[in-house]
Amino acid sequence: MTQAKLDLLQGTLDLMVLRTLSVLGPLHGYGIARRIEQVSGDEVLLNQGTIYASLVRLQQRGWIKAAWGVSGNNRRAKYYSLTKAGQKKLAAGTENWERTTAMMSRFLTMGDGGAQ
Amino acid sequence: MILWLRVTLSRLQAVFLKGRLDREFDDELRDHLEALGEQYEAAGMSREEARRAAVRKLGNQQQLREANRDYRGLPLLETAAQDFRYALRTLWKNRGFASIAVVMLALGIGLCSCLFSYHNALVLQPAPGVREPARLVALQAPVTYPYFESYRDASGVASAAAVFIGPVPFGIGLDGAGAGRPERIFGHLVSADYFSTIGAEPSLGRFFDPAKERTGTAATVVVSERFWRMRLNADPGVVGRILRINGQRATIVGVGRKGFLGVFPAATADIFLPLTVDAAFAPELAGDVLHNANSPVFNCVFRLAPKMSIAAAETALDGQTKRLNEHAGKDRDTNRNRRGRLIQLVMAGGVSPMSIEQRSIFAGIFGLMMGLILSFTCANLAGLMLARGSARGKEIAIRLSVGATRSRLIRQLLVESVTIATIGGAAGLAVTYGLLNLLSDFLAGSAPFASEIRVTPDLRVTLLTFAISALAGAGFGLMPALATTRPDLMTGLKGAATAGLGRHRRFSMRNLFMVYQVASAMALVLVVGFMITGIRQGMSRDPGFDTAGLYLFSIDPARDGYSPDESAAMLTRLPERLGRLNGVEGVTLAEPGPFNNLAAPNTDVSTTGPGAQESTHRVSLQTIGPDFFATLHAPVLRGMEFGSRDLRSDPGTDAILPAVINHSAAKELFGDVDPLGRVIRQGARSFQVAGVVRFGMPSFFKKEAMPTVFLPLTMKNLRRGTKGFRVAFRARPGLDFTAIRGELEAIDSRLTMFDPRTMQEQLTMLDRSVQYTTAIYPAVGLFALILACVGLAGVTAQDVARRRREIGIRMALGAHRWQVLRLVMMQGTAMVLIGSSIGFAGAYGFSRVLGSMAAEVAKVVDSNAGNPMLSVGAPLLLVLLSAIACYLPARRSTTIDPLIVLREE
């Protein structure tokens, strides 16, 4: 039960990271974590370090790539950016997610619809 | 799929970039912390507060690092490498234990695969170049050609059948200038369907064809690939070349495939002549043997018809033989063999003909030895592992208590076992190749054209043995691991010995293994002892004559181109002419038999007992010339030996020949009755006993000298002379054959002397052939002893280490050193005694089983059961050695200082 919930969260987190990089362009780990927190509140990340597991996974699958660059206040940092495969995955993931949520919300609101 | 590959590759890469990736991740975390800190400071926290908040926000860094490492790399592989390094370190620390285990595995694996390779080469391996060897059978004894024709046509038994005479020697020379002296090479005289029956194919030219090889056509010959390569320089245009065979010209029509050396390669054949050639090519063919009803010289080979079993074929051919005998009016019914049959079929697809019973005896002996060695190695390893496991209880308890998971510990112990098994397996391969090389060197001592049996290591068996031992090692490594990792930390931490104190250890697993080991060592030593003494029994026996100053050589006038009459004339004069040479004291002539007599007695003769009842005996039948026993200095006990009158006689087929018998034949045939003047019958022939001598050549499986009946050489033998002749003479020691060669040259330049040697050399050669067949047995016995002792010593040493505390307390309470020693030794001694008795009983039981399968083995066992060397010596040796093996490590118990031990509390 716990395992299944975790898996769902992981997949969700991966999609969030991809979306963040797609919207904001190349970003370091702190930036990604902060952005996700800003959008979702504290509901997704247990702590900000959790983001790195997701980053490794996405890198291994070739959806994002990393390069060392210089941050705004002139500090060296590791920047992650979306690859071509990552863009495709994001598109596919988004569509899949929308279909799932649409289906789920239809399903969960069915009782109300029947009453109308 | 591609995604999976990509992930795996990336993970693999990460394993190799470990250090760099670790540093990069540390940098990344630091950047993250700083960024977070700045964010919190900007929100108004103090620097210190911000730093602490940042650390909290990021999460446990150590955990993050480890998670990162696990995610990105291959954690299983990395911990395996870690375990492997750790295993090497611990094994190095316990060099004694590790080397014992490795040596044991190496010997076990090496010996097992050697044994199998050996068995494979002698028994299992099919004859090279033969199609479907399992369907080939042969008659054990040669028959006449008319009988063969009848067998061949017997409906439904065989889908193909062929006959051959052989192996027979040929004097082979190359045609043309510089050919030199002819060389003596063995081959088969074959029917045209010989090759098609056994399914051999030519590599060059053709084999024989019933339409082409007919009586009266020009002689043709087929040679083996080996002969073609070694004597004809692998000439690709060899077909059509002429070969001189016994002085006659024959055209080479074909060359066999590589490895093909006739149907029974143990007795190799390099030359194949059709049976239809003129008798000038081979004296064996003289007297129109193909149509002669009294020439049982043909070996029959059958390819069994589909669905025909050997037993059914034997029954059918036996019935056929009975009808043929009745039809011919011959009373050969007395010649029934032990199984009540007139004939016996043997399997013909192997390197030598072998009956089903012989095959199962071989399989039984080899199977038993391999099984014992394998189980032995496993038991020994298991015992060691168990002992070590219990001695490590404390280490494991500590590691559990500082947080190692149970699965991680078990994995590590398994890796340790596998490491030992791997090293042992590698060493085992080395042992296999080393032993087999030794064996091959041993074989290579024989002549270049001798048997080509190759003993090659069988990789499958080596791997199988390796896998079994590795599994055993792992399994028994796991058992104590499971037991000791059970979370009972307190006992473990306090010291393993406490746990042992109250418990009964008498029938523990470890003791069981030890008993088993001693038992199987005992059984192995005894069985091996039976084998060696049985086979060698006859070898060391006094042959009954004086070998010093005795020399031998062979001649074969028929193959040097002599006509029968020329041959007889030359041979009657030869002893006299050689005897006139300076330094030669006595000369005698015989057929080749008497001095290479390793074969079991192979002729059935019958005698009439006091109550006029017939009895049949199996004897060795030899033909010898005048003054044979006088030359040998073998005492004539009764009557007299043959004289030159016998040599010059020319008896008809129904004449009663005089016979000389040796003492064991006299005992076997006539018991206590005076044998002189008694009649011995063999088939249609009769002999009358004229003398009794003391003479006995070495033989397998025999305590008594082989019963031998000697017949006189007559003009008839001298003329026929198909086997050649052997000349034995006595001269001063240190003679070289120059004078003899000169005299032969003077008699006739055609005459070729071969196999010149001293009698002692001849006997040594016989001995060598026996040594070859028994070479592996002492190794097995020795291995068993070494293993048992090493195992005992190892277990005792571990036992002493384990009971340190107990011994310390006992000594503190006033126990003497010898009392402590007795305590430690008692357990080992008890195991040795129990084990030896079980092994003793087992060995005798097994021998009985073997004995019920073969009369020869039964005799050996009977004659050895009371052999004090074995039945008393072997157990004594084992007990003595194991007592030493126990004592050496047990001695250490007396050096235990109670003060030190008790302070360890």
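The values are calculated or read from the model by the stated rules, or taken from the named source; none is laboratory data. Owing to the predicted nature of the structure, the values given are computational and were not obtained by experimental measurement. Neighbour counts are summed over all protein chains in view; Cβ atoms, including those assigned to glycine, are modelled from backbone coordinates with ideal geometry.
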field: For B:S196: the one exception among (1) at pLDDT 85 or above; (2) in contact with a strand residue (DSSP E or B) (Cβ under 6 Å, 6 or more places away or on another chain)
entry: (2)
message: Looking for something of a type in the set (S, T, N, Q), within 13 Å of chain B (Cβ to nearest Cβ) and outside any loop (DSSP other than H, G, I, E, B) - is there at least one such residue anywhere in the range A:14-37?
response: no
- prompt: Has the range B:185-202 got at least one residue that is closer than 30 Å to B:K322 by Cβ, touching a Pro at 6+ places or on another chain (Cβ under 7 Å) and among the small types (G, A, S)?
  reply: yes
- prompt: Within the bounds of the range B:421-430, is there any residue that is among the aliphatic types (A, V, I, L, M), farther than 15 Å from B:V103 by Cα and buried (at least 19 other Cβ atoms within 10 Å of the Cβ)?
  reply: no
task: Can you tell me which residue among B:Q140, B:Q82, B:Q125 is more than 30 Å from B:E66 (Cβ to Cβ), surrounded by fewer than 18 Cβ atoms within 10 Å (Cβ to Cβ) and outside the structural domain of B:L413 (by TED's automatic domain parsing)?
output: B:Q140
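Taking B:V832, is it aliphatic (A, V, I, L, M), in a helix (DSSP H, G or I), buried (at least 19 other Cβ atoms within 10 Å of the Cβ) and at pLDDT 80 or above? Reasoning before the result, please.
Numbers: aliphatic (A, V, I, L, M): yes; in a helix (DSSP H, G or I): yes; buried (at least 19 other Cβ atoms within 10 Å of the Cβ): yes; at pLDDT 80 or above: yes.
So B:V832 fits the description; yes.
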task: Select, from B:L204, B:L261, B:L243, the only residue that is part of a loop (DSSP other than H, G, I, E, B) and modelled with pLDDT of 80 or more.
output: B:L261
query: Among (1) in contact with an Asp or Glu (Cβ under 7 Å, 6 or more places away or on another chain); (2) outside any helix (DSSP H, G or I), where does B:R131 come up short?
result: (1)
query: When the residues of the range A:72-111 are filtered to those that are part of a helix (DSSP H, G or I) and in contact (Cβ under 8 Å) with a residue 60 or more places away in the chain, which remaining residue is nearest to the other protein chains (Cβ to nearest Cβ)?
result: A:K89
- prompt: Name the residues in the range B:723-742 that are buried (at least 18 other Cβ atoms within 10 Å of the Cβ) and out of contact with any strand residue (DSSP E or B) (no Cβ under 8 Å at 6 or more places or on another chain), would you?
  reply: B:K723
- line: Counting only helices (runs of 4 or more DSSP H) entirely within the range B:8-127, those with at least 3 residues that are away from chain A (no Cβ under 14 Å) are B:47-58, B:75-93, B:95-119
query: Which pairs have Cβ atoms under 7 Å, sit 6 or more apart or on different chains, and link a residue in the range B:234-256 that is not assigned by TED's automatic domain parsing to the domain that holds B:G561 to one that is in a strand (DSSP E or B) and among the hydroxyl-bearing types (S, T, Y)?
result: B:G240/B:T251; B:I242/B:T251; B:A250/B:T220; B:T251/B:T220; B:V253/B:T220; B:V255/B:S203; B:G256/B:S203
query: Would it be correct to say that B:R184 is part of a loop (DSSP other than H, G, I, E, B), in the same structural domain as B:V168 (by TED's automatic domain parsing) and either within 20 Å of B:D560 (Cα to Cα) or at pLDDT below 85 (or both)?
result: no
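Please specify each residue of the range A:41-71 satisfying the condition of being small (G, A, S) and within 10 Å of chain B (Cβ to nearest Cβ).
Across the range A:41-71, the qualifying residues are A:G49, A:A53, A:S54, A:G62, A:A66, A:S71.
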task: Filter the strands (runs of 3 or more DSSP E) completely within the range B:516-629 down to those with at least 1 residues that are at pLDDT below 75.
output: B:603-608, B:614-624
message: Taking the criterion of being hydrophobic (A, V, I, L, M, F, W, C), over 36 Å from the mean Cα position of the chain (by Cα) and closer than 29 Å to B:P592 by Cβ, would at least one residue in the range B:154-174 satisfy it?
response: yes
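So that you can scan it fast, the table gives a plain yes or no per residue for (1) assigned by TED's automatic domain parsing to the domain that holds B:L463; (2) touching a residue at least 12 places away in the same chain (Cβ under 8 Å); (3) over 27 Å from the mean Cα position of the chain (by Cα); (4) buried (at least 23 other Cβ atoms within 10 Å of the Cβ):
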residue: B:M370; (1), (2), (3), (4): yes, yes, no, no
residue: B:L374; (1), (2), (3), (4): yes, yes, no, no
residue: B:G383; (1), (2), (3), (4): yes, yes, yes, yes
residue: B:K394; (1), (2), (3), (4): yes, yes, yes, no
residue: B:S401; (1), (2), (3), (4): yes, yes, yes, no
residue: B:A404; (1), (2), (3), (4): yes, no, yes, no
residue: B:R411; (1), (2), (3), (4): yes, yes, yes, no
residue: B:S417; (1), (2), (3), (4): yes, yes, yes, yes
